[in-house]
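Laboratory data are not the source of any read-out in this text; all were calculated from the coordinates shown. None of these values were measured; they are calculated from a predicted model.
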């Protein structure tokens, strides 16, 4: 059974970015990071401490959970090692849960 959230995302979702982070080395061998932003729309919930994910230690107050419809254009960029740029703050993606019809993402504030 598919749980399609496209209608909910269209109504109350917010535009933000998935940030693809690629690590490379400069001529001296120092690590550098190249960040590329990809626009995406989803439902973002900021943890206030009352959620089970916070009580269980999976996330902390100020971290986020985001929900995306499975038909989002840049959904393939939603993966470990990348980040979410939401409301001017960066969040490192720590967990991606794929469900029928949508994806749930847990991310910690950077």
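Summed over qualifying helices (DSSP H, 4 residues or more, each -39500 (n - 2.57)) and divided by its residue number, the chain shows a 222 nm mean residue ellipticity of -2000 deg cm²/dmol. For segment 1-52, just say rounded, prolate or oblate: build the C-alpha gyration tensor, square-root its eigenvalues into a ≥ b ≥ c, call rounded for a/c under 1.5, and beyond that prolate if a/b exceeds b/c, oblate if not. Note, shape of segment 1-52 comes out prolate. Note that segment 17-110, at 4 °C in a medium of 1.567 mPa s, gets a Stokes-Einstein diffusion coefficient of 93 µm²/s from its Kirkwood radius over C-alpha pairs.
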